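The values are calculated or read from the model by the stated rules, or taken from the named source; none is laboratory data. Bear in mind the structure is a predicted one, so any value in this text is a computation, not a measurement. Here the Cβ positions follow ideal geometry from the backbone for every residue, glycine too, while neighbour counts run over all protein chains shown. The protein model used for the area step is the full one, side chains on, heavy atoms only, and it has no ligands, DNA or RNA in it. Shrake-Rupley method; radii C 1.70, N 1.55, O 1.52, S 1.80 Å.
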There are 2 protein chains.
Amino acid sequence: MEKVRLGIIGLGQQGSTYANFIKEGRIPNMELGAICDTDTEKKKVSEENYPNVPFYDDYKTMLESGKVDAIITCVPHYLHPEMGIEALSKDIHALLEKPAGVYTKQVQEINEYAKTKPELTYAIMFNQRTNELYRKVKEIIDNGEIGAIRRTNWIITTWWRPQAYYDQGSWRATWDGEGGGVLVNQAPHQIDLMQWICGMPKKVYTKAQYGYQRDIPVEDDVTTVFDYGNGATGVFITCTHDVMGTDRFEILGDKGKIVVDDSKKVTIKRLHKAENEMSNSLSWQETMNLFKGKGPGAIYEEEVLEFESVWGGQHASVLENFAANIIDGTELIAPGSDGINGVTLANAMHLSSWLGKEVDLPLDEDLYLEELNKLRAQEK
Amino acid sequence: MEKVRLGIIGLGQQGSTYANFIKEGRIPNMELGAICDTDTEKKKVSEENYPNVPFYDDYKTMLESGKVDAIITCVPHYLHPEMGIEALSKDIHALLEKPAGVYTKQVQEINEYAKTKPELTYAIMFNQRTNELYRKVKEIIDNGEIGAIRRTNWIITTWWRPQAYYDQGSWRATWDGEGGGVLVNQAPHQIDLMQWICGMPKKVYTKAQYGYQRDIPVEDDVTTVFDYGNGATGVFITCTHDVMGTDRFEILGDKGKIVVDDSKKVTIKRLHKAENEMSNSLSWQETMNLFKGKGPGAIYEEEVLEFESVWGGQHASVLENFAANIIDGTELIAPGSDGINGVTLANAMHLSSWLGKEVDLPLDEDLYLEELNKLRAQEK
């Protein structure tokens, strides 16, 4: 196989973006196999923009058409796992949009199923994982350059969405349509990056506001405290009502500190001596001398890295990597099975806020689903 | 009265600093009335450094000596309220060191007593309130320049203390000696500033680590979530084990945002239109246009202010203001009764962390004291 023939399920905003990438030749190892949308008005759009590409209004028919080697699920989150399973069952490779699903039980299901099809490629669109900046941060952590993590802190409030955004479709920002708000639609990128780089916490406490600044039933404002189980803690803050949003990610280790500003600039401070050694060897007088004048500059080296980003480049990279894995086994940037972690964290944040208390991981999945379904039922 | 004769109770680090300020003429409306310390070895130190100043080893004797018009309590925190009451009862003005006390019940007691002596000056050493930077931030908030507060976030981890600091005295960083760690010794400054500027929360959730990176029984690492009761939330983070500490205070309002970096630089963004108006009037297409290219610069004005600080200047200002209030009724920067708020918050943080759940304000003071006394008893 030289090029993977991709079937795009859902010709909305994301689906069209990917179709255009392929049409424009931005994904050298991919071609448009077919497009599918249940909205038959999209047929005209598809035929105008992608004239030689077959269109289907039923994705199962597309899966059986012989026109596609792989699919991507650009549809409401609830559908990602079942469509992925259906594709894999027809021996078609599956790339899920993020989040992998709305609740962990359904993501668990596709993860288990995918294990029975090891010859197929199962991946997830965590485009931020291709961001050179975050790859560098992960590398620094993985190499132990700043030592063991003591604290993480991400304020990511750049996801501004006006009311008009929510009013675009009745499924948006509802329990039954999306299964949540900022935690399932906007912030999954950072939720995944944070656990990818810093690991999964053992406990989660969340204070969330539902419909705080927008006319929606789901959360538009979230503050979470992570407990990593070894004394290390973390904070994750996100919302959709800060039009001058902050994006500041700080990781404190016992040998240094990383601060990422605006997903563009990384400031790395590497201590000459581990903090505990300093604590155990410096007298109080030496400490006071250290902090006099210009401050403790001499105790660490500072490195500042600046990154540029190209719009769309990340998504294109994930598509290319997915196709490369199918063609020659190139290692996946974002294996599908990784999607469970982000969903687990988002579910834990919801559950903690609903119960008004810290929750343990592994999550009580049944309780989560029960509570989620109550909210879905109230909407109907 | 032209100059207030101050009696300094406790000739340790802080007491000596204040005595030197007065000796050096930095407090024009104050003179050294007397010095008191229960450690009789301090008598020699006192006589060498302040030769004409009477020394007492019992503060009650000093109060009755006729040598002092006012006192300051540079002694372990538990003693501040009782010494303050004793002074006021002898018609002597009282300036308490921060924190006002260890638990709210004892601070309540002096606050009530002080009301019966309205002719006397009762103040507290919240030196940071004289910091021009924080006065400016408070003014901006009070004037409504950034509108109603939606989120506060202070990461204040610049309080690095090596083990040697804690090993200086057996009372340090113990439940019975200080009543806590970073929350009662180092962070009360910022706890007061945060409530002074942003108001008191209605609920508090805290994750605290006890003896996490230091050999102490009390907290050296704290993460707190505030709920202001109207949808607004806040985060407060502090610790004593980050030698490259962060000091970043962010306040989001519905008309703007303030970010204070390193207690030196204030960045104020004032929206041209309130965020809710923007949310209700912009279409999604207009929003996407807004965020293209250089970002939404045109929606706000940015102002950056830089401040310089002079070491010791803040403490000298509080001393001078305290004396001025005694002499001519100049308005107090930090009335003694204000001390209760910081103690309430520190107590709420402890209690929440001990109970593992969010606590409501007003605080359950009896429960707090009961739990604190259990910890004190364990140390004996």
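What the table below lists for this structure:
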item	result
Residue that is surrounded by the fewest Cβ atoms within 10 Å (Cβ to Cβ) [pool: residues in region B:37-58 that are within 23 Å of B:Ile327 (Cβ to Cβ) and in contact with a strand residue (DSSP E or B) (Cβ under 7 Å, 6 or more places away or on another chain)]	B:Pro54
Residue list for region A:1-13, filter: open to solvent by 30 Å² or more (accessible area, probe 1.4 Å), modelled with pLDDT of 95 or more and in contact with a helix residue (DSSP H, G or I) (Cβ under 8 Å, 6 or more places away or on another chain)	A:Lys3
Matching residues, region A:79-93, being open to solvent by 10 Å² or more (accessible area, probe 1.4 Å) and not basic (Lys, Arg)	A:Leu79, A:Glu82, A:Met83, A:Ile85, A:Glu86, A:Ser89, A:Asp91, A:His93
Helices (runs of 4 or more DSSP H) completely within region B:1-72 that count 3 or more residues being closer than 26 Å to A:Trp284 by Cα, in contact (Cβ under 8 Å) with a residue 24 or more places away in the chain and under 26 Å from the mean Cα position of the chain (by Cα)	B:13-23
Which numbered condition A:Thr330 fails, given (1) touching a helix residue (DSSP H, G or I) at 6+ places or on another chain (Cβ under 6 Å); (2) crowded, with 19+ Cβ neighbours inside 10 Å	(2)
Any hit, region A:263-272, residues being out of contact with any Lys or Arg (no Cβ under 7 Å at 6 or more places or on another chain), away from chain B (no Cβ under 14 Å) and either in a loop (DSSP other than H, G, I, E, B) or of a type in the set (A, V, I, L, M, F, W, C) (or both)	no
Single unsatisfied condition, B:Val243 versus (1) closer than 30 Å to B:Ala173 by Cα; (2) out of contact with any helix residue (DSSP H, G or I) (no Cβ under 8 Å at 6 or more places or on another chain)	(2)
Residue in region A:312-327 that is out of contact with any Lys or Arg (no Cβ under 6 Å at 6 or more places or on another chain), within 14 Å of chain B (Cβ to nearest Cβ) and of a type outside the set (A, V, I, L, M, F, W, C) present	yes
Hits in region B:359-380 - residues which are hydrophobic (A, V, I, L, M, F, W, C), free of Cβ contacts under 8 Å to residues at least 24 places away in the same chain and under 16 Å from B:Ala346 (Cβ atoms)	B:Leu367
Residue in region B:356-375 that is within 30 Å of B:Glu24 (Cβ to Cβ) and touching a Phe, Trp or Tyr at 6+ places or on another chain (Cβ under 6 Å) present	no
Answer residue from region A:274-292, given it is part of a loop (DSSP other than H, G, I, E, B) and at pLDDT 90 or above and is farthest from B:Tyr166 (Cα to Cα) among those	A:Ala274
Filter result for B:Asn347 (closer than 30 Å to B:Thr17 by Cα, in the same structural domain as B:Lys255 (by TED's automatic domain parsing) and open to solvent by less than 60 Å² (accessible area, probe 1.4 Å))	yes
Sole exception among (1) touching a residue at least 40 places away in the same chain (Cβ under 8 Å); (2) hydrophobic (A, V, I, L, M, F, W, C); (3) under 25 Å from B:Ile333 (Cβ atoms); (4) open to solvent by 10 Å² or more (accessible area, probe 1.4 Å) for B:Leu96, by number	(4)
Condition met for B:Leu290 (in contact with a Pro (Cβ under 9 Å, 6 or more places away or on another chain), assigned by TED's automatic domain parsing to the domain that holds B:Val259 and open to solvent by less than 70 Å² (accessible area, probe 1.4 Å))	yes
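Okay, residues lined up against (1) at pLDDT 95 or above; (2) open to solvent by 40 Å² or more (accessible area, probe 1.4 Å):
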| residue | (1), (2) |
| --- | --- |
| B:Thr267 | yes, no |
| B:Lys294 | no, yes |
| B:Glu320 | yes, yes |
| B:Val343 | yes, no |
| B:Lys357 | yes, yes |
| B:Leu367 | yes, yes |
| B:Leu372 | yes, no |
